[in-house]
Amino acid sequence: MEWQAALALMLGTLFALMLIGVPVAFGFLGVNLLGAWIFLGGEAGLGQLVRNSVGSISSFSLTPIPLFVLMGEVLFHTGLAYRAIEAIERLITRLPGRLSVVAVLGGTTFASLSGSTIANTAMMGGTLLPEMLRRGYHPTLAMGPIMAVGGIAMLIPPSALAVMLGSLAGISIGQLLIGGILPGLVMSIGFLGYVILRCRAHPELAPVDAQDGPAIVGWARWWPFLRDVVPLLGIFVAVVGSMLAGWASPTESAAIGALASVVATMAYRALTLHALFKALMETARISVIILFVLVASTTFSQLLSFSGATSGLLGLITELELSPVMLVVGMLLLLLVLGCVIDQVSMMMITLPFFMPLASAAGIDPVWLGVMMLIAMEMGLLTPPFGLLLMVMQSVAPAHIRLPQIYAAATPFLVIELLVLGLIFTVPWLAVGLPRLMS
């Protein structure tokens with residue numbers, strides 16, 4: 001079968017299953033079964049599909065996901081997260097959409113600690129989203145910032161994906177990590193600006209009763225922050241400090257964070273057996289959903305690669321003999337398209353063997369290209385219809401939140417990320433300036 005026919009068959013089947021209302025993960029599973037039977041050799045192919053599925057989630061690098069989810073769930077179900085949110089909100093006065101601002105600031109902070117986009121979104125969604133909806137925030141304004149800042153974990157150190165990209169592409173890992181700092185901060189500032197301007201223009205999105213009350217000044221304003229936030233910051237300091245000092249791996253740091261969260265709730269006398277049971281059950285539920293989606297998307301990308309569809313698409317790009325600038329544009333466009341249907345690790349595995357020789361021959365700065373690839377892959381996390389963070393948000397959101405609402409919440413932040421990508425493309429210094437200074 002020609003690669004064009006294979007691509008049309010698999011994508012066509014997937015979209016058909018989605019149109020009749022099959023959940024995304026089960027739609028992927030159905031296409032995977034069909035693809036394994038056709039491209040991997042019937043019954044033997046189904047056996048190989050099972051082995052590939054097991055391999056896709058048996059990696060030890062996935063261990064931090066349930067640990068960081070547990071970290072957020074413990075803070076949420078014991079009420080400490082609510083107290084911390086209220087304390088931070090007291091410090092942010094005269095700003096519309098204060099909880100959305102807290103989501104951006106907190107999400108950026110967590111991104112710099114966890115390095116996991118999935119865990120970041122799951123933790124922030126489980127902690128902040130119910131409170132924002134309870135206070136009357138519009139669902140799109142509540143979910144959008146949480147999903148958007150979740151992707152920043154791919155840019156700001158410690159980013160596991162940046163380390164993997166540097167290793168596979170032969171780019172200096174240290175320079176790639178440093179190069180992602182400024183773009184990540186610019187993106188976070190863009191999210192903040194959008195939230196504030198949107199809420200100022202449409203106050204009904206963040207109701208007055210979520211922002212009312214007289215201005216609190218002096219000790220009454222700072223004491224809740226010192227009491228309810230500063231001690232919890234020690235958890236995040238322990239997580240990131242242990243990694244930066246080289247005392248612990250990301251998985252061990254995640255375990256430290258989960259344990260520290262439990263100890264903190266005990267110190268506040270907020271931990272009960274009921275709250276711990278709910279936190280563990282929610283952690284198991286969210287983790288299973290996330291791992292199921294990872295199985296489905298990873299095996300789907302493997303079948304695309306085995307059928308020749310992905311290499312055929314890349315071949316079209318190489319045959320055009322583009323200039324270096326147009327070559328970079330073509331690479332980024334291809335990543336944006338692939339981001340709609342496959343996961344980020346598979347995108348790297350598929351494209352890097354083609355991209356890096358082309359970039360080297362054209363004299364393209366590898367750090368600049370690497371940072372832009374990270375941004376493009378980050379956008380894939382929010383790209384409808386199959387962005388991974390969209391699925392994660394669906395798993396942590398209340399049952400009445402529908403998938404079209406999640407798409408609508410992500411769209412404005414996708415536009416901001418696209419603008420940041422364009423800014424990095426036109427002003428390469430934002431990506432390579434800090435690495436060159438460090439050199």
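Taken together, the values in this text are just the output of simple stated rules run on the coordinates, not laboratory data. Keep in mind that what you see is a predicted model, and the values were worked out from it rather than measured. We place every Cβ from the backbone using ideal geometry, glycine too, and count neighbours over all the protein chains shown.
Side notes on the structure shown:
- When each of the peptides 255-261, 330-336 is scored by how many other beta carbons lie within 10 Å of its residues on average, the order from highest to lowest is 255-261, 330-336.
- Under 18 Å from the Arg227 label point (7 Å along Cα→beta-carbon), backbone N, region 255-275: 264-271
- Centroid-to-centroid separation of region 394-436 and region 264-280 [C-alpha atoms, Å]: 34 Å
- Quotient of C-alpha Rg and 2.2 N^0.38 Å, computed over region 356-395: 1.59
- In sequence order, region 415-420 has phi-based couplings of 4, 4, 5, 5, 5, 5 Hz under the Karplus curve 6.51 cos²θ - 1.76 cosθ + 1.60, θ = phi - 60°, and Gly or Pro positions carry x.
- Burial order of peptide ranges 28-39, 194-205 (average beta-carbon count within 10 Å, highest first): 28-39, 194-205
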